[in-house]
């Protein structure tokens with residue numbers, strides 16, 4: 001789908017899922033948007049791309065910083081990367097999301113950023129002939145079980161906060177994060193994202209920035225839902241947890 005304004009883009013995702021479901025059923029098939037459709041199979045990501053402009057000027061290209069970022073573009077990326085650990089309960093918070101959120105699966109399982117780095121949670125795609133809409137960032141940890149509206153709001157809120165707080169962007173990670181030494185990981189502020197329900201819920205509850213972006217009422221509602229889902233977890237049986245629970 002082509003780039004759109006935030007709300008219109010989220011609406012398009014919802015409409016596309018409805019159309020896919022109806023077409024599938026019309027042909028005797030069944031669709032699924034589960035983060036892991038089949039036990040032992042590949043993950044079902046829903047990576048989110050976003051770009052920012054100010055007065056019509058792109059913030060993710062034409063600058064002098066790493067990846068050609070502008071100063072405000074770098075601050076926006078820093079805001080997103082910094083707050084990802086506390087937001088996974090929204091971005092990838094279902095009972096099977098942890099099966100996808102693993103290193104080596106292109107799922108962005110590590111909070112860091114890089115230019116064209118498919119293992120980084122935030123991947124900067126430069127503007128080029130194959131990318132006619134201009135430079136953008138891809139948040140790879142978002143999966144297909146996420147509420148697109150909440151995910152969009154969180155990421156934009158983090159970006160705006162990064163600009164407002166003038167956050168410094170760590171150096172880009174140019175390799176698979178697993179190849180970094182502990183010293184290199186610390187220098188680049190690289191941390192693994194939570195990959196289990198307990199970790200996701202705890203970090204979501206503790207994140208003041210997530211609470212500020214969502215607002216206290218919505219934050220409390222998401223927290224209650226995630227806790228309830230965790231209490232209903234089917235347990236270690238992966239086949240039970242990868243049923244078509246997210247089919248439209």
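Observations on the structure shown:
- Pick from region 117-133, criterion outside any loop (DSSP other than H, G, I, E, B) and in contact (Cβ under 8 Å) with a residue 12 or more places away in the chain, ranking: nearest to residue 193 (Cα to Cα): 121
- Residue 137 vs. criteria under 27 Å from residue 39 (Cα atoms) and not in a loop (DSSP other than H, G, I, E, B): no
- Selection within region 51-90 - closer than 30 Å to residue 219 by Cα, in contact with a strand residue (DSSP E or B) (Cβ under 7 Å, 6 or more places away or on another chain) and touching a residue at least 40 places away in the same chain (Cβ under 8 Å): 51, 60, 72, 77, 80, 81, 84, 85
- Tally of residues being out of contact with any strand residue (DSSP E or B) (no Cβ under 8 Å at 6 or more places or on another chain), in a loop (DSSP other than H, G, I, E, B) and crowded, with 20+ Cβ neighbours inside 10 Å across region 191-206: 1
Bear in mind that the values in this text are calculations on the coordinates, not laboratory data. All values derive from a computational prediction rather than experimental measurement. Counting neighbours? That spans all protein chains shown, and the Cβs are built from the backbone with ideal geometry, glycine included.
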